[in-house]
Amino acid sequence: MDYVAGMRSSNPPARRRRGVTWLLALAAAAALLAGCGGGSRADAGSSAAGNSPVTASGASGGGASGSGASGGGTSGSTSGGSSSGTATTTGGGATHHGNVDVLSAGSLETILTKTVGPAFHRATGYTLVDTSGGSSSLAAEIKGKTQVADVFVSASPAVNATLEGAANGDWVSWYATFAKSPLVLEYYPKSRFAHALRTRPWYDVITEKGFRLGRTNPAQDPGGVLDAEALDRTASARHLPALAAIAKDPSTEYSETALPGEVQSGQLDAAFAYLADANSTGLPHVDLTGVSLYGDYTVTLVNRAPHTAAADAFIRYLTGPAGRAAFRGDQFVVVAPPRTTGHGVPAALRSTVGS
């Protein structure tokens with residue numbers, strides 16, 4: 001085989017909670033201290049962080065930070081201000097407080113923490129606390145009770161089935177498909193293979209000697225299932241057994257949250273990604289000629305959610321006009337109205353996700 005596989009880490013999945021938009025609260029705290037004529041910048045940062053253990057480097061007490069190849073992994077972000085639970089009055093006059101804990105597909109981390117989360121906080125007062133990773137891995141953590149979630153946002157409808165029914169803990173009874181994004185191949189713009197990717201079929205280039213390709217683990221991420229399907233289908237259609245070999249090689253597997261950074265840094269020449277994810281990272285991409293595969297994003301309220309009111313508000317926002325506009329702006333294909341599967345949609349959500 002001529003391609004060069006990426007190195008994998010043998011470390012267990014790392015969890016990271018990165019403060020993305022808590023600077024809003026930091027600025028507010030700094031202004032308050034300035035008005036009182038005292039206080040240090042360090043004190044203001046500590047106050048802004050509230051009860052969320054976010055450090056300046058982005059890592060929290062919840063686990064190790066940093067990128068790298070791995071079979072799994074999740075990252076977390078707090079969006080919208082202090083998560084201390086104090087009441088917040090929004091510009092519209094509504095007063096709410098507290099967090100909504102969301103487990104989301106890693107490909108949504110940027111749009112949720114940098115766009116949707118801050119806007120949701122301004123509109124409602126609730127703070128989004130997002131933990132992102134491979135959808136299958138996150139579902140397993142819900143099922144295993146190692147993660148407590150109010151809302152689950154998956155990149156595949158099939159993953160929700162692993163949480164449905166008494167045998168699976170009755171964590172989910174319905175879900176709404178609200179957005180889609182096609183699978184593409186993003187690449188490092190300074191790669192020595194960049195010109196070839198722009199001018200030749202992708203399936204010819206990725207098997208060249210020295211090519212470093214990344215994908216996600218199909219057992220942990222629905223995107224990894226699509227990656228393998230793209231390779232296998234093309235291998236069969238084009239009579240290229242080398243592609244099928246790549247689909248079975250675990251050394252090409254990276255965590256969903258680490259993969260974009262590996263391409264951006266030039267550690268990889270290219271990686272499979274959803275179009276919306278490639279756009280959010282600013283990496284160039286090529287279409288997967290010969291295959292048409294999409295990630296289907298779903299949202300559901302996790303049964304026995306500890307913050308039901310905040311969860312309802314988040315789902316209404318995500319699937320409502322403001323959420324749809326944000327996803328369209330990030331070049332997702334929006335499903336409007338959402339396509340709902342299952343039963344037991346709460347009355348508070350039927351106006352936006354149906355029943």
* If packing is taken as the mean number of other Cβ atoms within 10 Å per residue, what is the order of 99-112, 280-293, highest first? -> 99-112, 280-293
* Taking the highest mean first, how do the peptides 126-137, 312-323 order by number of other beta carbon atoms within 10 angstrom per residue? -> 126-137, 312-323
* Using a Förster distance of 25 Å, the FRET efficiency for S173-A322 (Cβ separation, nearest 0.05) -> 0.45
* Within 10 Å of each residue's Cβ, count the other Cβ atoms and sort Y187, Y294 from fewest upward. => Y294, Y187
* Asked: So which lysines pass the test for K180, namely a Cα distance under 24 Å, with those fewer than 8 places away in the same chain ruled out?
  -> K114
* Take the Cβ-Cβ distance between A161 and S351 as r, set R0 to 25 Å, and report the resulting FRET efficiency rounded to the nearest 0.05. => 0.45
* FRET efficiency estimate (nearest 0.05) - Cβ-Cβ, H97 to E229, R0 41 angstrom -> 0.40
* By what distance, in whole Å, do the Cα atoms of the stretch 136-188 stretch along each of the three principal axes, largest value first? -> 43, 22, 19
* Can you pull the percent of Cα pairs in the stretch 139-282 with separation above 17 Å? -> 65
* **Reciprocal of mean inverse Cα separation for the stretch 209-307 (Kirkwood radius, Å)** => 14.7
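Each reported figure results from applying straightforward, stated rules to the coordinates on display, with no laboratory input. Just so it is clear, the structure is predicted and the values come from calculations on it, not from any experiment. No Cβ is skipped: glycine too gets one built from the backbone with ideal geometry, and neighbour counts run over all protein chains shown.
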